[in-house]
Ligand SMILES: Nc1ncnc2c1ncn2[C@@H]1O[C@H](COP(=O)(O)OP(=O)(O)O)[C@@H](O)[C@H]1O
Ligand SMILES: [Mg+2]
């Protein structure tokens, strides 16, 4: 069982002509296996949500278009093997929710405020399964219980009657009721306070272990990625800048963007001095950074030179700590294959 994205490019066009188009997802390769959590880490505006939506072909119509690539899924429990980009509309509807589910950042806007939570979950089940309402209710209650919410007592609650953490757990229950092979979780803990966020992360880990679901976990927070994922893709302006085993990336970052990111997080930075001003990556991510013809991190990079004014490809290299077991990749010409940036 696996989800494999090969060379996916998704463009977003703002103006009327081609010059207004940028690749919000650019030549992306990504895979996730059964029972594996991979993180996509990158700052706000990098295109992470866009990527998550594109996997389900939910990228905004009219302004964006999937230019090329493959999104191959193999899901034994549902007996499906396909390229999502080649599916007919009705087949695609079946994939959404049943084979790949998505949890969004904000449970307040994702749940229907005027519908009882039990009914919302039951409706999600009945859209895909030909079973009785009673059977669907039993499944909904079971999954709510599984998320540490008293399913029977809370079945008739409205979203506003629940706390933020409970609402997010309802969203996870809803994403899991059809027993999908893959879950895309788009910043599911960002809107939550620290304690609730930790509870939700723990639940996601339990789900992975119990159900074997493969999870793509989107976050802007490398410490969250560390707590939950086996592998990480560091994403910047629509491109993977670096990928590999999460611990290996944190301990031996290769790309200047990853190095800068780690330096700006006190708990991860090896040279952090308490009470001193924290390292800050200068400048901002702008739409121009998404243009091809140069390294997308060029305008903010501490290692840049004229050699970076070309399209830069991803290069593989063995990870330093694990004898090459996991394999690393970096999109930087200033990278020294013996470790770190030159
Ligand atoms: N519906 C849309 N229409 C136009 N531009 C969009 C739309 N959604 C996102 N974008 C643009 O695409 C880029 C990536 O956004 P997004 O995927 O939301 O980033 P992230 O999730 O990493 O914060 C941003 O520059 C954003 O302004
Ligand atoms: Mg987002």
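Taken together, the values in this text are just the output of simple stated rules run on the coordinates, not laboratory data. Given the structure is predicted, the values throughout are model-derived calculations rather than measurements. Cβ sites come from the backbone with ideal geometry, for glycine too, and all protein chains shown count toward neighbours.
Summary value for the chain: 19 percent relative contact order, contacts being C-alpha pairs under 8 angstrom separated by 6+ residues. Between residue 70 and residue 156, the FRET efficiency estimated from the beta carbon spacing at R0 = 51 angstrom works out to 0.70. Helix 117-128 axis versus longest C-alpha principal axis of the chain: approximately 80°, rounded to the nearest ten. In this label model, residue 4 and residue 29 are separated by 1.1 nm, measuring between points 7 Å along each Cα→Cβ vector. Between the Cα long axis of helix 164-176 and the first principal axis of the chain there is an angle of about 80°, rounded to the nearest 10.
A straight chain from residue 93 to residue 77 at 0.36 nm per residue would run longer than the Cα-Cα distance by 4.0 nm.
The long axis of helix 89-98 is offset from the longest Cα principal axis of the chain by roughly 90 degrees. Each label was represented as a point 7 Å from its Cα along the Cα-to-Cβ direction; for residue 277 and residue 291 these points are 3.1 nm apart. Only Cα pairs under 8 Å and 6+ residues apart enter the sum, and on that basis the relative contact order of the range 1-72 stands at 46 percent.
Rounded to the nearest 500, the helix-only mean residue ellipticity at 222 nm of the chain stands at -8500 deg cm²/dmol, with each DSSP H run of n ≥ 4 adding -39,500 (n - 2.57).
Among 220, 128, 255, the residue with the largest mean-square fluctuation in a Gaussian network model of the chain, with springs joining Cα atoms closer than 10 Å, is 128.
Subtracting the Cα-Cα distance of residue 265 and residue 206 from their residue separation scaled by 0.36 nm leaves 18.5 nm. Counting neighbouring Cβ atoms within 10 Å and putting the fewest first, the residues 143, 298, 236, 160 line up as 160, 298, 143, 236. Across q = 0.11, 0.12 Å⁻¹, the chain modelled as identical point scatterers on its alpha-carbon atoms has Debye log10 I(q)/I(0) values of -0.76, -0.89, in the order of the q list. Taking a ≥ b ≥ c as the square roots of the Cα gyration tensor eigenvalues, with a/c under 1.5 meaning rounded and otherwise prolate when a/b beats b/c, else oblate, which class fits the range 1-103? Note, shape of the range 1-103 comes out prolate. Sorted largest first, the principal axis extents computed over the alpha-carbon atoms of the range 141-230 equal 37, 28, 16 Å. Of all the options 218, 149, 99, the one that moves most in a Gaussian network model of the chain with Cα springs shorter than 10 angstrom is 149. If both residues of a DSSP beta bridge must be in the chain, then about 65% of such bridges are antiparallel. Once the Cα-Cα distance is subtracted from the 0.36 nm per residue extended length, the residue 108 to residue 190 segment shows a gain of 28.3 nm. Taking packing as the residue-averaged number of other Cβ atoms within 10 angstrom, the listed peptides 276-285, 3-12 run from highest to lowest as 3-12, 276-285.
The relative contact order of the range 95-198, computed from alpha carbon pairs under 8 Å that lie at least 6 residues apart in sequence, is 46 percent. Once both labels are positioned 7 Å from their Cα atoms along Cα-to-Cβ, the gap between residue 310 and residue 145 label points is 6.2 nm.
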